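> After the structure tokens below, expect a handful of questions from me.
The values are calculated or read from the model by the stated rules, or taken from the named source; none is laboratory data. From a predicted model like this one, the values you see are computed outputs, not experimental measurements. So basically every Cβ, Gly included, is an ideal-geometry build from the backbone, and we count neighbours across all protein chains shown.
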Amino acid sequence: MTHTMNTDFPDPQPGLNRRELFSWVQMGLGSAALTALLAEDGFVHAASVAGGTGDSPPHHAARAKRVINIILSGGLSQVESFDPKPQLDKHHGKPPSNTEGLQVSSGNVGLLRKSDFRFRQYGDSGMWISDLFPHLGDVADELTVIRSMVSDTPSHTPAAFQQNTGFPLNGFPTMGSWISYGLGSESDALPTYVVIPDIRGMPSGGAIHWTNGFLPTEHQGVTFRTTGSPIDNLLPSRTIAAETEQATRHYLTVLNRRHLRARGGSDPLAARVRSYELAAKMQLAVPVVADLNRETTSTHTMYGLDQSETADFGRGCLLARRLLERGVRFIQLYSGASVTINHTNWDGHNDNAKDHAREAKRIDRPIAGLLRDLRQRGMLDDTLVLFTTEFGRTPFTQSASDVLGIGRDHNQYAFSVWLAGAGLQRGMVYGATDDFGMKAVENLVPWYDFHATVLHLLGIDHERLSYYHNGIHRRLTNVHGHVIDGILT
């Protein structure tokens with residue numbers, strides 16, 4: 001995007017600094033705009049900025065153009081969802097035998113407990129899915145399930161960091177930020193990376209889960225709401241005449257260009273200028289994309305907006321689809337708030353069956369509706385849908401060793417996730433766990449491999465996308481990672 005200099009504008013008044021100028025014009029541009037930046041043409045590869053490798057993606061033909069990552073905060077139980085274990089039925093109430101050296105967050109190893117939900121086979125693939133997710137069962141042939149995920153830690157926040165960034169420590173960019181950095185934007189009016197938190201609260205650790213880390217600020221995620229104003233301070237607090245607003249924006253352009261020339265056109269300053277330009281466009285684009293009433297009644301029903309249990313998450317899924325089709329590159333959609341807020345997440349310490357049934361009811365129909373909608377619109381062929389959680393849960397209960405409890409502890413040694421969409425083998429299961437679902441034993445998948453595979457589907461070689469920081473060429477997969485060829489077409 002180019003701007004024409006208008007020499008008819010007077011120079012700024014002596015002593016009037018930029019802060020005073022923005023206060024004077026009262027533009028009402030939100031803080032979200034500061035983190036939602038684009039290259040001026042809307043398509044430039046962000047990896048070419050200072051600190052990048054100069055080896056800009058795509059590195060090979062991409063199968064996917066965009067990603068939505070549905071994140072289940074708290075830890076989904078694999079033995080209650082996508083990994084049936086008949087041996088648990090046979091050994092229900094007996095002590096486990098393979099717990100030596102295991103790390104569990106509570107320190108309590110109880111008795112083995114069978115799944116609280118019945119498993120059924122769905123679709124032409126015959127995929128086993130529990131009664132937690134009957135609507136997902138109806139679209140089972142779209143899913144690629146990985147049963148052999150592993151993590152490095154059984155603690156929520158570090159495990160969630162690793163899920164999002166590849167590292168159990170904070171300060172590293174999330175996958176969404178890396179994708180924004182590597183591929184740039186397809187839209188000149190919306191952020192590249194959007195986050196839709198659970199309406200009940202933020203995940204444990206808050207906004208650090210969509211941080212840009214050491215990457216330039218423009219690659220941080222921008223949060224959207226599904227009710228009320230989508231973004232804080234999106235619109236001015238009072239009505240401004242169109243002519244006044246246009247003249248003010250033009251005047252700011254003049255000041256910004258002069259400021260850039262005086263300081264050598266530095267990248268951080270240029271990025272800040274672009275952030276205000278994007279914010280102006282977002283004032284027009286966001287109210288339209290966030291207006292779910294533009295959708296048909298049948299679409300609302302597909303996403304579950306007609307039922308109280310599913311309406312909240314359904315709005316998030318529908319908003320995500322509207323954002324994706326308008327050029328947003330990466331979306332995080334959260335199911336579950338902080339584990340410190342009782343009964344708002346998947347952390348089944350106290351009553352795993354009750355907690356999981358409540359949370360699954362909220363998301364099952366909307367996610368199935370999202371997959372159907374993407375398929376019927378022809379978008380699933382180049383959209384990648386990810387369904388992830390930070391770790392799984394133990395097949396034994398969290399209680400004294402001689403008591404059969406109803407809660408399950410954290411399990412970093414085995415859990416299930418699934419993917420759907422572009423470039424994947426549909427209706428398949430990859431990897432396996434032991435007879436009780438305690439440990440992954442076949443085709444183990446660490447987060448490094450998962451992230452490498454996502455980047456691969458987007459046309460990015462994970463070893464070639466890096467950023468020089470503190471003397472190290474950093475990348476999403478650290479010094480690890482292999483593409484999971486077994487799930488690709």
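> Quick one: count up the residues across the range 78-96 that are surrounded by 13 or more Cβ atoms within 10 Å (Cβ to Cβ), more than 34 Å from the chain's Cα centre (by Cα) and in a helix (DSSP H, G or I).
Count: 1.
> Can you run down the residue pairs with Cβ atoms below 7 Å, 6 or more apart or on separate chains, where the first is in the range 201-227 and at positive phi and touching a residue at least 24 places away in the same chain (Cβ under 8 Å) and the partner is crowded, with 23+ Cβ neighbours inside 10 Å and part of a loop (DSSP other than H, G, I, E, B)?
Going by the 7 Å Cβ cut-off, the qualifying pairs are GLY213/PHE172; GLY213/PRO173.
> Follow-up question, since we're still on this one. Does ASN233 satisfy the criteria of being over 12 Å from the mean Cα position of the chain (by Cα), among the polar types (S, T, N, Q) and modelled with pLDDT of 90 or more?
Spelling it out, it is not the case that ASN233 is over 12 Å from the mean Cα position of the chain (by Cα), among the polar types (S, T, N, Q) and modelled with pLDDT of 90 or more.
> Identify, by number, the condition in (1) under 30 Å from HIS469 (Cα atoms); (2) in contact with a helix residue (DSSP H, G or I) (Cβ under 6 Å, 6 or more places away or on another chain) that LEU183 doesn't meet.
Result: LEU183 passes all but (2).
> Take the range 386-412 and flag every residue that is outside any strand (DSSP E or B), surrounded by fewer than 24 Cβ atoms within 10 Å (Cβ to Cβ) and either free of Cβ contacts under 8 Å to residues at least 60 places away in the same chain or not polar (S, T, N, Q) (or both).
Hits for the range 386-412 are ALA400, ASP402, VAL403, LEU404, GLY405, ILE406, GLY407.
> Just a yes or no: is a residue in the range 142-153 out of contact with any strand residue (DSSP E or B) (no Cβ under 7 Å at 6 or more places or on another chain) and hydrophobic (A, V, I, L, M, F, W, C)?
Of all residues in the range 142-153, those out of contact with any strand residue (DSSP E or B) (no Cβ under 7 Å at 6 or more places or on another chain) come to 151-153.
Applying the additional criterion that residues be hydrophobic (A, V, I, L, M, F, W, C) yields none.
No, the range 142-153 contains no residue that is out of contact with any strand residue (DSSP E or B) (no Cβ under 7 Å at 6 or more places or on another chain) and hydrophobic (A, V, I, L, M, F, W, C).
> For the range 413-466, give me each residue that is part of a loop (DSSP other than H, G, I, E, B) and without any contact (Cβ under 8 Å) to a residue 60 or more places away in the chain.
Selection gives HIS462, GLU463.
> If you don't mind, another one. Quick check on this structure: which one of TYR430, TYR467 is of a type in the set (Phe, Trp, Tyr) and more than 20 Å from ASN69 (Cβ to Cβ)? Walk me through how you get there before you give the answer.
Details: TYR430 fails: more than 20 Å from ASN69 (Cβ to Cβ).
It is TYR467.
> Looking only at the range 458-473, which residues are within 17 Å of PRO58 (Cβ to Cβ) and more than 16 Å from the chain's Cα centre (by Cα)? Give the steps one after another, and end with the answer.
Taking the range 458-473 and keeping what is within 17 Å of PRO58 (Cβ to Cβ), we get 458-466.
Matches in the range 458-473: GLY459, ILE460, ASP461, HIS462, GLU463, ARG464, LEU465, SER466.
> With the requirement that a residue be in contact with a Phe, Trp or Tyr (Cβ under 6 Å, 6 or more places away or on another chain) and farther than 30 Å from TYR448 by Cβ, what does the range 367-392 give you?
Narrowing the range 367-392 to residues in contact with a Phe, Trp or Tyr (Cβ under 6 Å, 6 or more places away or on another chain): 369, 387, 391-392.
Within the range 367-392, just GLY369 meets the criteria.
> Same structure again: Which one is surrounded by the fewest Cβ atoms within 10 Å (Cβ to Cβ), of the residues in the range 467-488 that are in contact (Cβ under 8 Å) with a residue 24 or more places away in the chain and at positive phi?
Checked the range 467-488; the qualifying residue surrounded by the fewest Cβ atoms within 10 Å (Cβ to Cβ) is ASN470.
> From (1) without any contact (Cβ under 8 Å) to a residue 60 or more places away in the chain; (2) more than 31 Å from the chain's Cα centre (by Cα), pick out the condition that doesn't hold for THR99.
Evaluating THR99 over (1) without any contact (Cβ under 8 Å) to a residue 60 or more places away in the chain; (2) more than 31 Å from the chain's Cα centre (by Cα) leaves (1) as the failure.
> Another question, then. Would you tally the residues in the range 146-160 being touching a Ser or Thr at 6+ places or on another chain (Cβ under 8 Å), part of a loop (DSSP other than H, G, I, E, B) and buried (at least 24 other Cβ atoms within 10 Å of the Cβ)?
Narrowing the range 146-160 to residues touching a Ser or Thr at 6+ places or on another chain (Cβ under 8 Å): 146-149, 154-157, 159-160.
With part of a loop (DSSP other than H, G, I, E, B) added as a condition, the list becomes 154-155.
Checking which are buried (at least 24 other Cβ atoms within 10 Å of the Cβ) leaves us with none.
Qualifying residue count, the range 146-160: 0.
> Determine whether ASP347 is outside any helix (DSSP H, G or I), of a type outside the set (S, T, N, Q) and crowded, with 24+ Cβ neighbours inside 10 Å.
yes
> Taking the residues in the range 102-145 that are polar (S, T, N, Q) and not in a loop (DSSP other than H, G, I, E, B) as candidates, determine which candidate is farthest from the chain's Cα centre (by Cα).
GLN121
> Can you say whether ARG315 is touching a residue at least 60 places away in the same chain (Cβ under 8 Å), among the basic types (Lys, Arg), in contact with a strand residue (DSSP E or B) (Cβ under 7 Å, 6 or more places away or on another chain) and more than 26 Å from LYS114 (Cβ to Cβ), as far as the supplied structure shows?
no
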